[in-house]
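**Q** My structure is below; once you've seen it, I'll send some questions.
The values are calculated or read from the model by the stated rules, or taken from the named source; none is laboratory data. Since we're looking at a predicted model, the values are computed, not measured. Glycine gets a Cβ as well: all are built from the backbone with ideal geometry, and neighbour counts include every protein chain shown.
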């Protein structure tokens, strides 16, 4: 109910008039008076003047009341739109522990120096990473262009499946005299032929026992 409706109702009761009597006095319908007093109908200025004069109230009251209501409306605080703030969230040790069940973090090492140069995080799906046993994967970065003829260039990241078994004409990471290299291997009895895939006379034939085979290269990643 608005202030004008309350004022009219209070003035009518003060004057000892019923809604019907006030309506007859003002020349208005009873229903109209009831709707005004209940706040269901907004009264216009002319009707308000008529009612207030009939009740012996001063017309100035209407002006004062309207000004007060207008002032209150202006004074109402305007809600400022809320701003969305983005925060950088660093995963806690608990989150990292939970993610360890779905992601596996691998170090990428330089093939020649064995120094860590980066990391890869891969999803574990069906207890496997990219279809392989997660604990048997290594990631090495090619240190030079010795294997360029077989599409392995310096900076390429090679996925290695750890194994000591040799499949002929496949690429392997192996260690000879403390040095890690990538070569195409071919077993010949108790010998091992190491090839760069370029020229035949560049092949190296060594005793199988002198080489430590780390694993088979199963994938090569490169940047365009």
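**Q** Just to be sure I understand, how many residues within the stretch 50-84 are at pLDDT 75 or above and over 16 Å from residue 3 (Cβ atoms)?
**A** 4
**Q** With the requirement that a residue be within 16 Å of residue 140 (Cβ to Cβ) and in contact with a helix residue (DSSP H, G or I) (Cβ under 9 Å, 6 or more places away or on another chain), what does the stretch 184-219 give you?
**A** Scanning the stretch 184-219 gives 184, 215.
**Q** Here are 117, 181, 206, 214: which of them is touching a residue at least 24 places away in the same chain (Cβ under 8 Å), assigned by TED's automatic domain parsing to the domain that holds residue 102, over 45 Å from the mean Cα position of the chain (by Cα) and surrounded by 12 or more Cβ atoms within 10 Å (Cβ to Cβ)?
**A** Residue meeting the stated conditions: 206.
**Q** Does residue 197 qualify as being more than 41 Å from the chain's Cα centre (by Cα) and surrounded by fewer than 14 Cβ atoms within 10 Å (Cβ to Cβ)?
**A** Against the criterion (more than 41 Å from the chain's Cα centre (by Cα) and surrounded by fewer than 14 Cβ atoms within 10 Å (Cβ to Cβ)), residue 197 does not qualify.
**Q** Among the residues that make up the stretch 137-160, is at least one of them closer than 21 Å to residue 211 by Cβ, at pLDDT below 95, exposed (fewer than 13 other Cβ atoms within 10 Å of the Cβ) and in contact with a strand residue (DSSP E or B) (Cβ under 9 Å, 6 or more places away or on another chain)?
**A** So far as the stretch 137-160 goes, no, none of its residues is closer than 21 Å to residue 211 by Cβ, at pLDDT below 95, exposed (fewer than 13 other Cβ atoms within 10 Å of the Cβ) and in contact with a strand residue (DSSP E or B) (Cβ under 9 Å, 6 or more places away or on another chain).
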